Amino acid sequence: MLSKPPLPAAWSSLYAALPPLLPLLLPAPAVPPAIKDTTHGSPKALLLHLSALKHLSFAEAPPGSFSVTALNLSSPAASKFKREHGALLAAEKGRRSEERLAEASGDPARCPPTKIAHLFRIPAPITSALSLPTSAELSASAKSPARAGSGWLTGGEVRQALARYAEREGLLAAGTVALDPALTQLFYRRTKREKAAAGGEVYRPPESALLPELVAAAAPHLTPGYAVCAGSSVLSMGSGSPGSVELFVEKHRSTFAMRARGLETIDPAVFAREFSARFATACSTTSDGGKYGVCKPGRADVVFQGDWRGEVGRILTGEEGKGGKVNGAARGQCWGVPKGCVEVRKGKGVK
């Protein structure tokens with residue numbers, strides 16, 4: 001009996017890879033049956049039988065867990081197992097790693113990069129004053145099923161709505177809109193702060209504006225929103241602006257440390273574990289914000305040993321970081337954070 005690498009090995013690897021070693025159980029099909037369907041019925045009974053025939057020896061530690069510790073290398077089947085077992089282990093390790101990544105972030109290796117689309121809602125007072133359909137009615141014909149009827153409009157749809165009003169009232173000519181009292185009152189009146197800053201100066205609103213200028217003047221009076229998109233699919237929508245991931249980079253003498261905050265859509269512990277394994281670096285989570293302020297309830301920061309801003313930005317968004325080289329292990333990964341939603345904050349001495 002000899003024991004050489006890659007032994008010891010799990011008994012299940014031997015059983016799955018080597019039907020020729022089990023002639024008493026089956027006529028060597030491509031895939032062996034479940035152990036409970038064989039004449040032995042349990043792993044221990046099978047291993048005891050093979051050990052009695054001097055095919056192998058095995059150990060049980062802890063109870064119920066068996067590993068093959070030695071093989072009879074005069075057996076052709078045993079030699080085949082010795083050659084194939086290393087490749088089997090590598091394939092199994094790769095499969096488990098892919099499963100963990102897929103469970104953590106929806107298969108980040110094939111996750112398309114996401115982006116932010118700016119959306120708007122036209123408030124009811126404006127649609128009423130201009131006799132326009134409501135935002136929900138205007139968005140009913142949206143191409144995206146997630147946005148249809150939601151009331152959220154793209155900038156192009158807002159422009160179409162204002163152009164429709166100008167055409168109906170006879171105000172649009174060659175891309176220029178003549179501003180009537182309704183448009184002037186809604187989008188060009190001065191606020192109290194602007195009046196105070198003018199110091200009594202007489203204000204004369206414009207008489208006309210190009211259509212893009214009218215849309216820009218209307219934008220501050222609309223309700224802002226956003227959509228997180230992956231390709232042509234809308235993943236989520238909301239009012240205001242999406243949260244960003246902040247990367248705090250600091251230098252302590254000759255070493256760097258980094259902290260990531262704002263990983264709201266993924267599990268910080270899972271990200272820290274996968275990043276640490278991929279880049280072979282120290283990475284952990286903490287709920288102690290320290291000088292960076294208190295973490296949100298139930299959330300945690302990810303702390304890195306070293307300056308990994310390029311790699312973290314690349315993995316989170318799927319986009320190459322600006323400037324500098326990025327570790328090759330970061331390529332081909334995306335955790336679904338939208339482009340432009342990663343902010344780097346540099347401490348003293350960090351370039």
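No value in this document is a laboratory result; all are computed from the given coordinates. Note that this is a predicted model, so its numbers are computed, not measured. Every residue, glycine among them, receives a Cβ derived from its backbone with ideal geometry; neighbour counts consider all protein chains shown.
Observations
- Note: relative contact order over the stretch 115-239, using C-alpha pairs below 8 Å and six or more positions apart, is 33 percent.
- Positive contributions from Lys and Arg (+1) and negative ones from Asp and Glu (-1), summed over other residues with Cβ under 13 Å from the Cβ of Ser232, come out at +3.
- Share of pairwise Cα separations in the stretch 115-239, more than 21 Å, in percent: 45 percent
- Within the stretch 132-153: backbone nitrogen closer than 19 Å to the Ala124 label point (7 Å, Cα to C-beta): 132-140, 149-153
- In terms of its C-alpha gyration tensor, the stretch 213-293 comes out prolate, because a/c is 1.5 or above and the ratio a/b outweighs b/c.
- Furthest towards positive pole of dipole, Gly170, Pro125, Met237, structure part the stretch 115-239, Cβ charges: Met237
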